[in-house]
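**Q** Let me begin by handing over the structure; questions about it come next.
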Amino acid sequence: DVQLVESGGGSAQAGGSLRVSCAASGIDSRYCMAWFRQVPGKEREGIAVRYPGGFFTYYADSVKGRFTISRDSAKNTLYLQMNNLKPEDTAMYYCATKLSSGPCPRDAPDYANWGQGTQVTVS
């Protein structure tokens, strides 16, 4: 079974940085991996996607140039480095995976496996 556990969330001031982590088990190099975020009353937003092998990445315009998705294969951990944080980055952050069958999707309904989320608050 695929298991995903996020960590590293917390509070930061505008302009600061945080790195959230996603410990993954039960997956291999064929999986798309992604970060989403969600605030109450809004749809879950795909903000970063890492293709198998890391040969291509996608970033939403709202985070492009500030956030970086990466994976440590040895530790089987996905990371999201968040720099120059803004109050509008406040959200619950989730990692997700899907076995690749073509281009990695960007929408939450297309991902099969989810962690429980980690809260990020920017003031």
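The values are calculated or read from the model by the stated rules, or taken from the named source; none is laboratory data. Quantities reported herein were computed from a predicted structural model and do not represent experimental measurements. All Cβ positions, glycine included, derive from the backbone under ideal geometry; neighbour counts span all protein chains shown. Ligands, DNA and RNA are stripped out before the accessible areas are found, and what is left, the full protein with its side chains, is counted by its heavy atoms. Shrake-Rupley method; radii C 1.70, N 1.55, O 1.52, S 1.80 Å.
**Q** Looking at the chain as a GNM with Cα springs under 10 Å, which of 102, 65, 15 has the largest mean-square fluctuation?
**A** 102
**Q** Please give the per residue accessible area of the chain, computed with a probe of 1.4 Å over protein heavy atoms only, in Å².
**A** Roughly 52 Å² per residue, with all protein chains present.
**Q** Using a Förster distance of 25 angstrom, determine the FRET efficiency expected from the C-beta separation of residue 11 and residue 107, and round it to 0.05. Walk me through the numbers on the way to the answer.
**A** Working: r = 29 Å, r/R0 = 1.16.
In this case the efficiency is close to 0.30.
**Q** Quote to one decimal, in nm, the extra length available between residue 119 and residue 19 on full extension: 0.36 nm per residue of separation minus the C-alpha distance between them.
**A** That pair, residue 119 and residue 19, stretches by 34.8 nm at full extension.
**Q** Give me the accessible area of residue 57, 1.4 Å probe, in Å² rounded to the nearest 10.
**A** 50
**Q** Whenever you get a sec, compute what percent of the accessible area on the chain sits on carbon and sulfur atoms (1.4 Å probe).
**A** Numbers: 2980 of 6370 Å².
Answer for the chain is 47 percent, counting heavy atoms of protein chains only.
**Q** Looking only at chymotrypsin sites (Phe, Trp or Tyr not before Pro) in DSSP loops with at most 15 other Cβ atoms within 10 Å, what is the longest site-free stretch of the chain? Each step should come with its number before you reach the end.
**A** Numbers: sites that count: 55, 56.
Excluding the exposed sites themselves, the longest stretch runs over 57-123.
**Q** Here's another thing I want to ask about it. What is the sum of charges around residue 63, taking Lys and Arg as +1, Asp and Glu as -1, for the other residues whose C-beta is under 14 Å from the C-beta of residue 63? It would help to have the intermediate numbers written out before the result.
**A** Values: positive: 19, 37, 50, 64, 66, 86, 106; negative: 45, 61, 88, 89.
Its environment carries a net charge of +3.
**Q** If you don't mind, another one. Within 11 Å, Cβ to Cβ, of residue 52, how many net charges do the neighbouring residues add up to if Lys/Arg are +1 and Asp/Glu are -1?
**A** Residues close to residue 52 contribute a combined charge of +3.
**Q** Another question about this same structure. Going by Cα centres, region 30-98 and region 9-28 are how many Å apart?
**A** Comparing the Cα centres of region 30-98 and region 9-28, I get a distance of 9 Å.
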